[in-house]
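Trainee: Quick one: the structure is below, and I'll ask about it shortly.
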Amino acid sequence: MNTVLHQDLNDFQNILDKTKETGIDFLSNLEDIPTSNKYSIDPQNELNELGLGSLGALEEFNQRLAPLMVASPGPRYWGFVTGGSTPASIVGDWLAAVYDQNPQALSAQGGVSALIEAETINLLLELLNLPNDFSGGFVTGATMSNFTNLGVARQWFGAQFGKDFAKHGISEKMNILTATPHSSSVKSLSMLGVGSQNFTLVKTIEGNREAIDIADLERNIEELNGKPFILISSAGTVNTADFDDFEAISKLRKKYKFWWHIDAAFGGFAAVSEKYKHLVSGWEAADSITIDCHKWLNVPYESAFYLIKKEHINLQIETFQNSNAPYLGNPLENFNYLNVLPENSRRLRALPAWFSLKAYGKEGYRDIVENSTSLALHFANALIEEEQFELLAPIRLNNVCFTLKGIENQEKVSQFLINLNDTGKVFMTPTLYQNRKGIRASFVNWRTSEEDVKIVIEEMKNVLETI
Ligand SMILES: *Cc1c(COP(=O)(O)O)cnc(C)c1O
């Protein structure tokens with residue numbers, strides 16, 4: 001064994017203790033660490049001949065790189081839809097690295113890691129009040145979950161014509177209907193060879209809505225003359241957290257033949273709250289659902305899962321099977337994750353979610369979701385009181401979409417946001433909503449409090465003076 005590796009092997013305890021200190025340093029100062037910075041690093045492109053050892057590398061990291069890390073897991077990072085990491089999820093994540101398993105087969109010979117993954121999916125189904133006729137597995141993010149789900153949808157579409165697209169490629173014009181698809185669904189259509197422009201945009205409900213107009217959906221379906229189609233629907237759009245009407249879509253299933261996919265990356269968590277669960281009412285009838293864990297479940301990146309109805313397992317295996325490796329056997333008899341999702345080797349990605357679900361239970365997640373939604377309302381009300389701001393959409397859940405009041409101030413919105421983000425006190429994302437430049441603040445972090453809202457409002461007032 002290489003001598004540096006050998007030294008490290010003998011010094012594990014010390015190395016992990018020092019690593020823990022670095023972690024605590026960051027996590028306990030998160031409130032004060034800037035949410036953005038303008039520094040960059042001097043790239044050091046030469047790899048040293050002699051290794052530094054873990055502690056040497058840690059020292060360089062702490063000096064050169066750690067100070068540049070932004071507080072994206074912190075309470076005032078409201079850009080995109082960015083969750084933090086609960087303490088238990090960090091335990092799970094660290095242990096996932098320590099145990100370094102590769103969850104594949106459910107059989108005992110492969111260790112229990114795949115069983116932990118299956119158990120975690122069941123806990124999530126229970127948290128979200130979904131039936132267990134869904135099977136699921138972990139992928140890196142909602143983008144990969146959409147890819148996985150739409151991959152099986154593509155196979156289903158081919159099967160309606162007696163064709164196996166996975167084997168022979170796409171040989172029928174695919175019909176895809178959607179109103180407000182997330183960019184990652186469009187990207188998935190590109191990656192799947194369906195084509196990123198190959199979908200029909202259905203109208204949204206008149207007025208201040210991003211949800212699908214059911215009447216226009218039916219009109220589009222009628223135009224297909226009985227041909228099958230894929231519906232990509234939304235549980236929580238990123239701008240205004242709007243939801244398609246899942247009860248209405250469920251009813252359409254009786255009349256028409258389609259694969260129903262729901263992107264519920266963050267909006268699915270409405271299900272944990274008595275106040276908001278009506279938003280997803282009827283979603284259990286979908287064929288596939290995408291949900292992110294690194295957003296509202298507050299576990300570290302990279303964590304999301306797909307849900308696909310068990311009745312589609314054959315289509316799923318046709319899409320992703322890797323069973324030309326002879327040692328893997330019949331994919332239907334010997335369940336193996338590598339036959340049902342894109343990746344082959346994977347880390348024990350379920351473990352952070354498993355730990356966090358066990359640690360905080362249903363009540364913990366109800367509290368996180370309801371804290372986020374009440375802070376979104378609180379922030380929105382505080383904005384309205386300031387008079388220089390206006391909301392672009394009502395607050396439906398946890399996202400606040402707003403702008404500077406008055407059409408004449410549209411040209412100032414971008415500079416305002418740049419200056420605001422430059423303060424490092426808060427981070428928000430620019431958006432375009434109904435042809436107006438806007439700003440989006442998304443509340444999903446378990447650590448955010450009313451005090452944070454107060455700090456941000458003060459900062460916003462100061463920044464207004466600068467533009
Ligand atoms: C965030 C998000 C995605 C993409 O998720 P990643 O985890 O970044 O891959 C997809 N759909 C919706 C609705 C989202 O909010």
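Trainee: Can you pull out every residue in region 193-212 that is among the charged types (D, E, K, R) and either closer than 20 Å to S145 by Cα or at pLDDT below 95 (or both)?
Mentor: none
Trainee: Which residue out of A159, A153 is within 16 Å of the ligand (Cβ to nearest atom) and not β-branched (V, I, T)?
Mentor: A153
Trainee: OK, next. Among the numbered criteria (1) more than 23 Å from L338 (Cβ to Cβ); (2) touching a residue at least 12 places away in the same chain (Cβ under 8 Å); (3) not charged (D, E, K, R), which one does H278 miss?
Mentor: For H278, the failing item is (2).
Trainee: Would you be able to tell me the number of residues in region 11-20 that are surrounded by 12 or more Cβ atoms within 10 Å (Cβ to Cβ) and assigned to a helix (DSSP H, G or I)?
Mentor: Qualifying residue count, region 11-20: 5.
Trainee: Which residues, counting only those in region 61-78, are buried (at least 20 other Cβ atoms within 10 Å of the Cβ) and either part of a loop (DSSP other than H, G, I, E, B) or modelled with pLDDT under 95 (or both)?
Mentor: Within region 61-78, A71, P73, G74, P75, R76, W78 meet the criteria.
Trainee: In region 146-176, which residues are closer than 15 Å to N314 by Cβ, touching a residue at least 12 places away in the same chain (Cβ under 8 Å) and loosely packed, with under 14 Cβ neighbours inside 10 Å?
Mentor: Matches in region 146-176: K167 only.
A quick yes/no check of all residues on (1) of a type outside the set (S, T, Y); (2) touching a Gly at 6+ places or on another chain (Cβ under 7 Å); (3) assigned by TED's automatic domain parsing to the domain that holds S303; (4) at pLDDT below 95:
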| position | (1), (2), (3), (4) |
| --- | --- |
| L348 | yes, no, yes, no |
| T373 | no, no, no, no |
| A376 | yes, no, no, no |
| F389 | yes, no, no, no |
| L392 | yes, yes, no, no |
| F402 | yes, yes, no, no |
| S414 | no, no, no, no |
| I418 | yes, no, no, no |
| G424 | yes, no, no, no |
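Trainee: I'd like to verify a number: residues in region 260-285 that are within 16 Å of the ligand (Cβ to nearest atom), among the aliphatic types (A, V, I, L, M) and touching a Ser or Thr at 6+ places or on another chain (Cβ under 8 Å), how many?
Mentor: Matching residues across region 260-285 total 3.
Trainee: Got a number for residues in region 310-346 being within 16 Å of the ligand (Cβ to nearest atom) and among the acidic types (D, E)?
Mentor: Residues meeting the conditions: 1.
Trainee: Those residues that are touching a residue at least 12 places away in the same chain (Cβ under 8 Å) and assigned to a helix (DSSP H, G or I), I need them from region 33-60; list them, please.
Mentor: G53, S54, L55, L58
Trainee: Next up: How many residues does region 200-238 hold that are of a type outside the set (A, V, I, L, M), closer than 24 Å to G268 by Cα and either surrounded by 18 or more Cβ atoms within 10 Å (Cβ to Cβ) or outside the structural domain of A159 (by TED's automatic domain parsing) (or both)?
Mentor: The total comes to 9.
Trainee: So which residues in region 178-193 are more than 9 Å from the ligand (Cβ to nearest atom), under 21 Å from G158 (Cβ atoms) and surrounded by 23 or more Cβ atoms within 10 Å (Cβ to Cβ)?
Mentor: Scanning region 178-193 gives T178, S188, L189.
Trainee: Between residues in region 399-420 that are farther than 15 Å from E385 by Cα and residues that are among the aromatic types (F, W, Y) and assigned to a helix (DSSP H, G or I), which pairs lie under 9 Å by C-beta distance while being six or more apart or on different chains?
Mentor: N409/F416
Trainee: Return the residues of region 298-309 that are surrounded by 24 or more Cβ atoms within 10 Å (Cβ to Cβ), farther than 19 Å from P131 by Cα and more than 10 Å from the ligand (Cβ to nearest atom); say none if nothing qualifies.
Mentor: Of everything in region 298-309, those that are surrounded by 24 or more Cβ atoms within 10 Å (Cβ to Cβ), farther than 19 Å from P131 by Cα and more than 10 Å from the ligand (Cβ to nearest atom) turn out to be N298, V299.
Trainee: Would you point out the residue of region 129-150, among those that are under 18 Å from R349 (Cβ atoms) and polar (S, T, N, Q), that is nearest to the ligand (Cβ to nearest atom)?
Mentor: Only one residue fits best here, namely T143.
Trainee: Is there any pair linking a residue in region 289-314 that is at positive phi to one that is part of a loop (DSSP other than H, G, I, E, B) and within 14 Å of the ligand (Cβ to nearest atom), with Cβ under 9 Å and at least six apart or on different chains, and which?
Mentor: Close Cβ pairs satisfying both conditions: N298/G83; N298/V444.
Trainee: Kindly list the number of the only condition in (1) within 24 Å of P342 (Cα to Cα); (2) touching a Phe, Trp or Tyr at 6+ places or on another chain (Cβ under 6 Å) that fails for I221.
Mentor: (1)
Trainee: Mind checking which helices (runs of 4 or more DSSP H) fall wholly inside region 80-192 and carry at least 3 residues that are hydrophobic (A, V, I, L, M, F, W, C) and at pLDDT 95 or above?
Mentor: Result: 87-99, 113-127, 142-159, 183-191.
Trainee: Moving to a separate point now. Starting from region 105-128, take each residue that is more than 22 Å from N344 (Cα to Cα) and list its partners that are among the aromatic types (F, W, Y), counting only C-beta distances under 8 angstrom and pairs at least six apart or across chains.
Mentor: L123/W354; L124/F305; L125/F134; L127/Y365; L128/F269
Trainee: Something else now. Do we find that I90 is surrounded by 13 or more Cβ atoms within 10 Å (Cβ to Cβ), of a type in the set (V, I, T) and within 32 Å of the chain's Cα centre (by Cα) in this structure?
Mentor: yes
Trainee: Looking only at region 212-237, how many residues end up being in contact (Cβ under 8 Å) with a residue 60 or more places away in the chain and touching a Lys or Arg at 6+ places or on another chain (Cβ under 7 Å)?
Mentor: 1
Trainee: Right, another one. Take the residues in region 239-259 that are surrounded by fewer than 24 Cβ atoms within 10 Å (Cβ to Cβ) and under 22 Å from the mean Cα position of the chain (by Cα), then tell me which one is farthest from the ligand (Cβ to nearest atom).
Mentor: In this case the residue turns out to be D245.
Trainee: Go through S40, S28, S54 for me and flag whichever is more than 21 Å from F355 (Cβ to Cβ), exposed (fewer than 13 other Cβ atoms within 10 Å of the Cβ), among the small types (G, A, S) and not assigned by TED's automatic domain parsing to the domain that holds V456.
Mentor: S40
The values are calculated or read from the model by the stated rules, or taken from the named source; none is laboratory data. Quantities reported herein were computed from a predicted structural model and do not represent experimental measurements. Cβ: placed from backbone, ideal geometry, glycine included. Neighbour counts: every protein chain shown.
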